[in-house]
Amino acid sequence: MQKNLTAKQLAETARRLRKVVLEMCIARGGHLASSFSCLEILVTLYHGGVLRFDPRRPDWPARDRFVLSKGHAEAAYYAVLADLGFFPSFWLEKHYRRGECRLGGHPDHRLPGVEVSTGALGHGLGLAVGMAMAAKAERVARRQFVLMGDAECTEGAVWEAALLAARRELDNLVAIIDRNRIGSIDYTENYTRLEPFKDKWQAFGWQVEQCDGHDPSQLLQKLDSLLESQNPAPGMLIANTVKGKGIDFMEDDPIWHVRPLQDHDLIAAARRQVEGEPLHGDA
Amino acid sequence: MEMRDRFIDRIYRAALEDERIVFLSCEYGAPGLDRFRADLPDQFINVGISEQNAVSVAAGLAKEGRRVVVYSIASFITLRCLEQVKLDLCAMGLPVTIAAVGPGWAYGVDGPTHHATEDLALMRAMAGMTIFSPGDGMTVELAADTALGSDGPVYCRLDRGDFPVLGKISAADKQNGFRLFGGPARICLVTTGSMVHQALEAARKVAGQGVELAVLDLFRIKPLETHALAEVLDGYDFLLTLEEHTINGGLGSAVAEVLIDYGLKAGLRKMAIADERLYAYGSRDRLRNNAGIDGPAVVDAVLEAAGKRRSAA
């Protein structure tokens, strides 16, 4: 069973889940800006017919595998998984970053729908490479996906994995980088040199596409292009995004990576914006 | 046959029968690996000098049902990738075996970069990690067989060089993770890895002076069968621990914990490497001598414990 929504429906789903994620983070903290940065990417993968899965059988052997390397976007991930029925939606309210943390502050492999535990950066690509290599060894058709943050690409292990994936010709692997250009405290290009990012990945032997990471139609098209390609290289989609997308005072501002949304006026403003109501003229 | 080659040979034979077994090397070879590479090219992967990635890739393979051995020099495959070991192997309980060559000062002259003098402490701290520290052909084969049959991560420290086989291991020894050499004695020396040979040599020497020394080869450091170990150790007045490892957190610490936990009355002296002796260069013999853990130092320590010699201090 999988979803197969149109681009317009995907945008609407992301809009709906943005409200869910906002309420989760208002209630319990969490990396709101990082989650809003990659919400359309997750929705496109899970609701857009890209990933093959069955929420009633999370361990269905033929399912595609997904790794959220940027584990700090767990709020968006949980909202998507709950929406698809991997676990009940009330968990988002009752168990997120609370008590026994059935939904903890980073994804755990024991959670239905979650393949591997993540949260320490620079692990996800290597894990995904191993899983993709296993699929090759088994000669099965399942695809391997991994969503990485751009700032985690300063971890050396990312490039260790990139080298190996190219040599192993892992054309069953598609990595997506949430390129929001912000790390934890600053803009990436202020402290490191990721650019020319596309050229770097190409030089490492990957087939690279770029698109607007908030536009499901572009995401669908580019993912499809990478998946259908006859090129034996692993695929990379650099998804250009805006950190904090959807809340104007949060967008593209590094201070919101970890800062909780606590101010009453800001919470009210954030709610108005994700509801899509007019900004001005309200009390 | 060198210990690591004996280990690899065991993995090779199992891999011939089981295509799920995959051997990852961090661009590191061994004579015993040549045949594996030639005969089983689909089950051998050189991941390059990239220990962090090697462990993550191993975890990814293991998660999908492969049985993975990841192989490198002990210093690199523990320290460089400790977070990957913790999170990708231990936190997910995946069946990956770390085959680590060159414990302690096995690479003496190569210096601190290649010295694995912290590995036991680090791996002991990893929840769910099984640790083998074999000292001869019997225990190294047991380590390989256990690793291949394990449901979780296993760390095997494999010394360089060839060591004589010290005799069979009983079913009880396998269960306990240790074996005892020698008859009735007041003093027992607990050791691990290839140090067991030095310990047995010391036992022969002190026997010539009328001192009986029992030697306990703790070839499985974790999980410890603490109850069985405490029962055995309770039979002695004085215990020595001997390891080619920092004094912080290794074999001696493990034995001391058992003494405290079980309220044993035996005295204890830990022979291990003091902080100021780490980060040195030298032949293995020279380094052991400087650190006070070589053969003569063990003999002196035993005689002192037996009341045959006054303390140098």
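Key figures for this structure:
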quantity: Close pairs (9 angstrom Cβ cut-off, 6 or more residues apart or separate chains): at positive phi in region B:273-289, assigned to a helix (DSSP H, G or I) and small (Gly, Ala, Ser) anywhere; calculated: B:282/B:108
quantity: Selection count, region B:44-58, where residues are assigned to a helix (DSSP H, G or I) and more than 7 Å from chain A (Cβ to nearest Cβ); calculated: 3
quantity: Single residue of region A:1-40 satisfying the filter (polar (S, T, N, Q) and within 29 Å of residue A:184 (Cβ to Cβ)) that is surrounded by the fewest Cβ atoms within 10 Å (Cβ to Cβ); calculated: A:13
quantity: Identity of the residue in region B:213-254, among the polar types (S, T, N, Q) and under 21 Å from residue B:277 (Cβ atoms), that ends up surrounded by the fewest Cβ atoms within 10 Å (Cβ to Cβ); calculated: B:248
quantity: Residue within region B:287-309 that is under 22 Å from the mean Cα position of the chain (by Cα), in a strand (DSSP E or B) and not assigned by TED's automatic domain parsing to the domain that holds residue B:74 present; calculated: no
quantity: Residue list for region A:83-103, filter: within 21 Å of the chain's Cα centre (by Cα) and of a type in the set (Phe, Trp, Tyr); calculated: A:86, A:87, A:91, A:96
quantity: Odd one out for residue B:172 among (1) in a strand (DSSP E or B); (2) farther than 22 Å from residue B:295 by Cβ; (3) of a type in the set (A, V, I, L, M, F, W, C); calculated: (1)
quantity: Number of positions in region B:44-58 that are in contact with a strand residue (DSSP E or B) (Cβ under 8 Å, 6 or more places away or on another chain), more than 25 Å from residue A:64 (Cβ to Cβ) and buried (at least 23 other Cβ atoms within 10 Å of the Cβ); calculated: 1
quantity: Selection status of residue A:260, touching a residue at least 40 places away in the same chain (Cβ under 8 Å) and exposed (fewer than 14 other Cβ atoms within 10 Å of the Cβ); calculated: yes
quantity: Boolean, residue B:48 is of a type outside the set (Phe, Trp, Tyr), at pLDDT below 95 and assigned by TED's automatic domain parsing to the domain that holds residue B:136; calculated: no
quantity: Boolean, residue A:239 is assigned to a strand (DSSP E or B) and buried (at least 22 other Cβ atoms within 10 Å of the Cβ); calculated: yes
quantity: Residue B:148 being hydrophobic (A, V, I, L, M, F, W, C) and closer than 20 Å to residue B:253 by Cα; calculated: no
quantity: Residue list for region A:112-123, restricted to those being surrounded by 20 or more Cβ atoms within 10 Å (Cβ to Cβ) and under 18 Å from residue A:51 (Cα atoms); calculated: A:113, A:114, A:115, A:116
quantity: Positions within region B:216-268 being hydroxyl-bearing (Ser, Thr, Tyr) and within 20 Å of the chain's Cα centre (by Cα), in sequence order; calculated: B:226, B:241, B:246, B:253
quantity: Of all residues making up region A:124-152, the number that are surrounded by 24 or more Cβ atoms within 10 Å (Cβ to Cβ), away from every other protein chain (no Cβ under 12 Å) and in a helix (DSSP H, G or I); calculated: 1
quantity: Lone qualifier among B:87, B:16, B:61 - being surrounded by fewer than 24 Cβ atoms within 10 Å (Cβ to Cβ), on the phi < 0 side of the Ramachandran plot, within 14 Å of another protein chain (Cβ to nearest Cβ) and part of a helix (DSSP H, G or I); calculated: B:87
quantity: Test for residue B:94: is it in a loop (DSSP other than H, G, I, E, B) and within 11 Å of another protein chain (Cβ to nearest Cβ); calculated: yes
quantity: Filter pass, residue B:249 being in the same structural domain as residue B:187 (by TED's automatic domain parsing) and under 21 Å from residue B:159 (Cβ atoms); calculated: yes
quantity: Hey, residue B:117 over 21 Å from residue B:146 (Cβ atoms), surrounded by fewer than 20 Cβ atoms within 10 Å (Cβ to Cβ) and either within 14 Å of chain A (Cβ to nearest Cβ) or of a type in the set (Ser, Thr, Tyr) (or both) or not; calculated: no
quantity: Some residue of region A:154-167 being of a type in the set (Val, Ile, Thr) and more than 22 Å from residue A:44 (Cβ to Cβ); calculated: yes
quantity: Subset of region A:153-169 [more than 11 Å from every other protein chain (Cβ to nearest Cβ) and either farther than 18 Å from residue A:240 by Cβ or in a loop (DSSP other than H, G, I, E, B) (or both)]; calculated: A:154, A:166, A:169
quantity: Answer residue from region B:19-35, given it is exposed (fewer than 14 other Cβ atoms within 10 Å of the Cβ) and out of contact with any helix residue (DSSP H, G or I) (no Cβ under 8 Å at 6 or more places or on another chain) and is farthest from residue B:102 (Cα to Cα) among those; calculated: B:34
quantity: Single residue of region B:19-43 satisfying the filter (touching a Ser or Thr at 6+ places or on another chain (Cβ under 8 Å) and more than 13 Å from chain A (Cβ to nearest Cβ)) that is farthest from residue A:129 (Cα to Cα); calculated: B:33
quantity: Residue check, residue A:117 polar (S, T, N, Q), at negative phi and away from chain B (no Cβ under 14 Å); calculated: no
quantity: Residue under evaluation residue B:163, criteria (1) assigned to a strand (DSSP E or B); (2) touching a His at 6+ places or on another chain (Cβ under 9 Å), criterion not met; calculated: (1)
quantity: Residue match in region B:65-81 (condition: within 11 Å of chain A (Cβ to nearest Cβ) and either in a helix (DSSP H, G or I) or at pLDDT below 95 (or both)); calculated: no
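Every residue, every condition in (1) in a helix (DSSP H, G or I); (2) among the acidic types (Asp, Glu); (3) within 20 Å of residue A:251 (Cα to Cα); (4) free of Cβ contacts under 8 Å to residues at least 40 places away in the same chain, yes or no:
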{"position": "A:9", "(1), (2), (3), (4)": "yes, no, no, yes"}
{"position": "A:24", "(1), (2), (3), (4)": "yes, no, yes, no"}
{"position": "A:30", "(1), (2), (3), (4)": "no, no, yes, no"}
{"position": "A:38", "(1), (2), (3), (4)": "yes, no, yes, no"}
{"position": "A:42", "(1), (2), (3), (4)": "yes, no, yes, no"}
{"position": "A:49", "(1), (2), (3), (4)": "no, no, no, no"}
{"position": "A:75", "(1), (2), (3), (4)": "yes, no, yes, no"}
{"position": "A:79", "(1), (2), (3), (4)": "yes, no, no, no"}
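The values are calculated or read from the model by the stated rules, or taken from the named source; none is laboratory data. Since the model is a prediction, treat every value here as computed from it, not as a measurement. Quick reminder, even Gly has a Cβ in these numbers, built from the backbone with ideal geometry, and neighbours come from all protein chains shown.
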